[in-house]
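Reviewing the structure listed below.
The values are calculated or read from the model by the stated rules, or taken from the named source; none is laboratory data. Please read these numbers as outputs of a predicted model, since none were measured by experiment. We place every Cβ from the backbone using ideal geometry, glycine too, and count neighbours over all the protein chains shown. Note: areas computed on protein heavy atoms with side chains; ligands, DNA, RNA excluded. Shrake-Rupley method; radii C 1.70, N 1.55, O 1.52, S 1.80 Å.
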Amino acid sequence: MIFVYSSTGNSLQLAEAIASEIGDEVMNILDVPEGPVDVSMYDMVGFVTPVYFFNTPRILRAFIDRLVARDGQEFFLVLTCGSTPDRACRKAARYFRNRGLDLTHSFAYRMPENYIALFSPPKGDTIDRMLDSVPVFAKEIAGHLSSEPCIISKHIGLLGLLTVFGDTAYDIMRGTKGFHVDDGCIGCGLCERICPDKAIRIEDGKPVWVIQKCEHCMGCINRCPRSVIQYKRRTQRRTRYVNPRVKLR
């Protein structure tokens with residue numbers, strides 16, 4: 001079983017490609033009912049998720065805390081990132097180990113940037129090249145999963161400092177106060193439906209952010225059909241990004 005968390009489709013494309021290589025199935029973490037998650041019947045359990053501020057997302061960590069596994073069960077983790085995961089793979093291994101789980105393999109792979117609160121997505125031809133290489137990387141991962149345990153991270157940051165201070169920076173950055181909607185909103189409710197934190201509520205036909213902090217997955221901004229959701233003044237002129245190779249929930 002491969003569990004995936006994906007806001008704009010990068011992690012989902014990679015999860016589906018890996019599942020195809022190893023003959024497995026993919027389940028969205030957000031579709032798993034609340035409560036303990038018994039995974040003891042699977043030989044190996046995988047997770048594919050983006051990197052947030054050089055660390056694994058809070059949603060993934062909360063999900064790991066719910067797992068019910070058997071002794072000796074193997075787990076693998078694949079992180080997608082727009083720049084570098086820094087030491088997120090190694091920190092994740094410690095997180096698993098502290099919960100009595102054996103993370104035998106972890107990988108990091110660079111995909112198109114989607115955090116448009118700070119960065120612009122790459123151009124179309126660059127996106128195509130990056131997404132075209134996903135099946136190649138998935139095949140590489142499949143080969144490693146049948147071999148000795150390994151941690152493969154090809155994009156290392158500044159001696160781990162990005163990961164060390166990333167969670168603190170993330171907690172500061174992930175406020176919802178900066179989100180707002182321009183004229184042109186049609187009140188479709190997509191942003192409310194896809195928000196992993198249930199931070200958005202449609203009131204009088206417009207989205208309203210109803211909690212102080214959210215995951216900052218940028219799903220609401222990138223997937224808005226009218227491109228009218230903004231974050232402060234940073235996103236008005238930035239191109240939205242949704243992975244065109246997958247079908248999102």
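Return yes or no: is residue 195 under 17 Å from the mean Cα position of the chain (by Cα) and open to solvent by less than 50 Å² (accessible area, probe 1.4 Å)?
Yes.
Kindly list, by first and then second residue, each pair from a residue in the stretch 4-25 that is farther than 11 Å from residue 48 by Cβ to a residue that is among the basic types (Lys, Arg), limited to pairs with Cβ atoms under 6 Å and residues at least 6 apart or on different chains.
Listed pairs, sorted by first residue: 21/139.
Between 128, 43, 86, 71, which is charged (D, E, K, R) and modelled with pLDDT of 95 or more?
Among 128, 43, 86, 71, only 128 is charged (D, E, K, R) and modelled with pLDDT of 95 or more.
Could you pull out the residue among 163, 168 that is hydroxyl-bearing (Ser, Thr, Tyr) and out of contact with any strand residue (DSSP E or B) (no Cβ under 9 Å at 6 or more places or on another chain)?
168
Please specify each residue of the stretch 48-64 satisfying the condition of being open to solvent by less than 10 Å² (accessible area, probe 1.4 Å) and within 11 Å of residue 92 (Cα to Cα).
Listed by number, the residues that qualify are 55, 57, 60, 64.
Please determine whether any residue of the stretch 65-78 is surrounded by 21 or more Cβ atoms within 10 Å (Cβ to Cβ), without any contact (Cβ under 8 Å) to a residue 60 or more places away in the chain, in contact with a Phe, Trp or Tyr (Cβ under 8 Å, 6 or more places away or on another chain) and outside any loop (DSSP other than H, G, I, E, B).
Looking through the stretch 65-78, at least one residue is surrounded by 21 or more Cβ atoms within 10 Å (Cβ to Cβ), without any contact (Cβ under 8 Å) to a residue 60 or more places away in the chain, in contact with a Phe, Trp or Tyr (Cβ under 8 Å, 6 or more places away or on another chain) and outside any loop (DSSP other than H, G, I, E, B).
Quick one: would you say residue 139 is open to solvent by 40 Å² or more (accessible area, probe 1.4 Å) and assigned to a loop (DSSP other than H, G, I, E, B)?
No.
For the stretch 211-239, name all the residues that are open to solvent by 60 Å² or more (accessible area, probe 1.4 Å) and among the acidic types (Asp, Glu).
none
Here's the yes/no breakdown for (1) closer than 14 Å to residue 245 by Cβ; (2) surrounded by fewer than 20 Cβ atoms within 10 Å (Cβ to Cβ):
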site	(1), (2)
95	no, yes
100	no, yes
119	no, yes
124	yes, yes
134	yes, no
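In the stretch 1-35, which residues are surrounded by 14 or more Cβ atoms within 10 Å (Cβ to Cβ), over 12 Å from the mean Cα position of the chain (by Cα) and in a helix (DSSP H, G or I)?
16, 17, 18, 19, 20, 21, 22
Could you tell me whether residue 242 is outside any strand (DSSP E or B), open to solvent by 40 Å² or more (accessible area, probe 1.4 Å), touching a residue at least 24 places away in the same chain (Cβ under 8 Å) and under 25 Å from residue 84 (Cα atoms)?
When the stated conditions are applied, residue 242 passes them.
Residue 90 is checked against (1) outside any helix (DSSP H, G or I); (2) open to solvent by 30 Å² or more (accessible area, probe 1.4 Å); (3) touching a residue at least 60 places away in the same chain (Cβ under 8 Å) and fails just one. What number does that condition carry?
Result: residue 90 passes all but (1).
Does the stretch 175-191 contain any residue that is within 20 Å of residue 56 (Cα to Cα) and part of a helix (DSSP H, G or I)?
So far as the stretch 175-191 goes, no, none of its residues is within 20 Å of residue 56 (Cα to Cα) and part of a helix (DSSP H, G or I).
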